Each structure stands twice: as C-alpha cells, then as structure tokens.
1. Only one of (1) buried (at least 17 other Cβ atoms within 10 Å of the Cβ); (2) at pLDDT 90 or above fails for LEU51. Which number is that?
2. State yes or no: is LEU62 surrounded by 17 or more Cβ atoms within 10 Å (Cβ to Cβ), within 19 Å of ASP26 (Cα to Cα) and within 14 Å of the chain's Cα centre (by Cα)?
3. Just one of the numbered conditions (1) assigned to a loop (DSSP other than H, G, I, E, B); (2) surrounded by 11 or more Cβ atoms within 10 Å (Cβ to Cβ) is not true of GLN69; which one?
4. Considering only the range 89-108, state which residues are modelled with pLDDT of 85 or more and farther than 21 Å from LYS27 by Cβ.
5. Of the residues that make up the range 40-48, is at least one of a type in the set (S, T, N, Q), assigned to a strand (DSSP E or B), modelled with pLDDT of 80 or more and surrounded by 12 or more Cβ atoms within 10 Å (Cβ to Cβ)?
Amino acid sequence: MRLQKKKTSPRAKRLPAKSRAPAAPDKYILRLFVAGATARSHQAVVRVRELCETILKDHVLLEVIDIYQQPKLAQVNQIVATPTLILALPVPVRRFIGNLATIADLFSQIDLGQKVRITL
C-alpha cells in the first residue's frame with residue numbers, strides 16, 4: 001500500500017477568517033448629543049472634534065445635535081443624559097454617556113487600534 005502526499009492548494013494555506021485581523025473601517029459616523037450652550041457641552045464638542053481631526057481625519061462624519069433644538073432626534077435615539085456620543089458606524093453601535101473630558105479613555109473605548117495620547 002502506497003501513501004500519497006496530499007497536495008495543498010493556495011486556499012488551504014490561508015488563515016481562517018476568525019484569526020485574521022479585522023480591516024479598518026472606511027467611514028465612521030459619530031453623533032454627539034449636547035444640551036444647549038453649556039460649558040460641559042462645549043468641552044464635549046471640542047474633545048470629539050479633536051478626535052475627528054487628529055485620528056479619523058477624512059474618514060468621519062460628525063453630527064452635533066442640540067437636544068433643545070431637535071428634541072425628536074433625542075427621542076428617536078433614546079437619549080437620557082448629555083453629553084452622549086453615539087458611534088453609529090462601524091457596527092455594533094456604541095454609546096458613550098457623560099464626561100468626555102478624557103480623550104485617552106475615548107480612544108481606548110472606541111478601539112481604533114492606535115494608542116495616541118493627547119492632552120489639552
């Protein structure tokens with residue numbers, strides 16, 4: 001009885017889908033809900049814009065929504081506290097509620113795959 005070697009095709013050498021690193025998304029969609037022109041709202045807008053300009057650059061769409069001016073959007077998105085940052089794309093949708101003052105924590109929670117330290 002002769003043993004034959006199995007021929008391996010190029011497909012067989014590929015890594016399984018689960019072990020491959022996910023590709024970086026092409027576009028991020030962020031929605032920031034704030035309540036009026038308070039200092040806390042202003043600080044949240046500044047921090048999120050900084051995130052968008054320094055890391056995400058041309059790959060982001062940022063919507064800043066004042067819940068006093070657009071209460072229907074707050075109701076549809078089930079906003080219960082402000083500031084609230086919703087990362088709509090890529091899925092899964094993620095929500096960050098409360099103090100957005102520490103942008104380093106925001107980077108780690110969004111999981112951009114980059115370790116960046118920004119201080120103001």
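The values are calculated or read from the model by the stated rules, or taken from the named source; none is laboratory data. Computed from a predicted structure; not experimentally measured. Note: ideal-geometry Cβ built from the backbone for every residue, glycine included; neighbour counts use all protein chains shown.
1. Only one criterion in (1) buried (at least 17 other Cβ atoms within 10 Å of the Cβ); (2) at pLDDT 90 or above is unmet by LEU51, namely (2).
2. yes
3. Single failed check for GLN69: (2).
4. Across the range 89-108, the qualifying residue is only ILE97.
5. No: the range 40-48 contains no residue that is of a type in the set (S, T, N, Q), assigned to a strand (DSSP E or B), modelled with pLDDT of 80 or more and surrounded by 12 or more Cβ atoms within 10 Å (Cβ to Cβ).
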